[in-house]
1. G60 versus (1) open to solvent by 10 Å² or more (accessible area, probe 1.4 Å); (2) touching a strand residue (DSSP E or B) at 6+ places or on another chain (Cβ under 6 Å); (3) not β-branched (V, I, T): which is the lone unmet condition?
2. If you go through the range 151-176 one residue at a time, how many are over 19 Å from T65 (Cβ atoms) and open to solvent by less than 50 Å² (accessible area, probe 1.4 Å)?
3. Can you pull out the residues in the range 119-150 that are loosely packed, with under 14 Cβ neighbours inside 10 Å and of a type in the set (A, V, I, L, M, F, W, C)?
4. Would you tally the residues in the range 70-119 being touching a residue at least 40 places away in the same chain (Cβ under 8 Å) and assigned to a strand (DSSP E or B)?
5. Residues that are in contact (Cβ under 8 Å) with a residue 40 or more places away in the chain, at least 3 per element: which strands (runs of 3 or more DSSP E) completely within the range 130-182 meet that?
6. Are there strands (runs of 3 or more DSSP E) fully within the range 1-48 with at least 2 residues that are surrounded by 14 or more Cβ atoms within 10 Å (Cβ to Cβ), under 15 Å from the mean Cα position of the chain (by Cα) and at pLDDT 85 or above? List them.
Amino acid sequence: MSAPLLIRPRAEDIAGQPILRPLPSARCRSVGPFVFFDHILEKDYPAGSGMNIDQHPHIGLSTLTYLFEGELQHKDSLGSDQLVKPGDVSWMTAGRAVAHVERTPAHLWRCSAALPRELEQGEPAYSHHPAASLPRSEAMGVEITLIAGSGFCLESPVPVHSPTLYAELKLQAGTHLSSTPPHTRG
């Protein structure tokens with residue numbers, strides 16, 4: 001068994017918004033279908049302002065946003081206009097092209113999953129999944145929220161396009177959780 005790969009996120013700035021980006025890295029281009037992984041950091045904004053990521057395009061991937069705190073206004077070229085709240089999932093499949101903007105302060109994780117080759121030029125789509133729609137499990141000191149994909153005997157309503165496991169795990173002190181990675185990429 002080889003030693004685990006430690007990926008250190010690099011600090012970046014997107015339109016004045018600080019982020020930490022572990023993927024892609026020089027030592028690891030992807031994990032399963034995930035090719036980008038961003039931790040959008042908390043930032044204090046002056047009253048009346050907030051995060052303002054201007055319109056930008058995506059192609060050939062799906063973008064998943066999971067909020068911890070704050071609110072995020074998602075608008076895109078499909079006509080979607082959705083307020084995303086803590087615990088919600090925003091899922092945008094770019095396919096052949098979609099452009100979007102994001103506004104207001106938020107603390108969130110954002111990841112982008114590569115689409116299977118046959119879907120890279122497919123129809124773009126957007127779906128919103130309120131926190132209450134995500135499956136949860138709590139047993140033996142482990143709280144699991146399944147954000148996307150399937151695992152831990154749960155299945156998320158987020159419409160992923162390849163085998164995926166994306167979960168928020170909260171373990172009580174002294175608790176252990178053993179798991180074999182169910183999805184690997186060759």
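The values are calculated or read from the model by the stated rules, or taken from the named source; none is laboratory data. Just so we're clear, the structure is a prediction, and the values are computed from it rather than from any experiment. When we count neighbours, we look across all protein chains shown, and the Cβ atoms used for this are built from the backbone with ideal geometry, even at glycine. Each accessible area value is taken on the protein alone, full model and side chains, heavy atoms only, with ligands, DNA and RNA left out. Shrake-Rupley method; radii C 1.70, N 1.55, O 1.52, S 1.80 Å.
1. Of (1) open to solvent by 10 Å² or more (accessible area, probe 1.4 Å); (2) touching a strand residue (DSSP E or B) at 6+ places or on another chain (Cβ under 6 Å); (3) not β-branched (V, I, T), only one is false for G60: (2).
2. So the count comes out to 3.
3. Passing the criteria: A132, A139, M140.
4. 22
5. On the way: elements: 136-139, 142-151, 165-171.
Result: 142-151, 165-171.
6. Details: elements: 10-14, 17-23, 34-40.
Fully inside the range 1-48 and qualifying: 17-23, 34-40.
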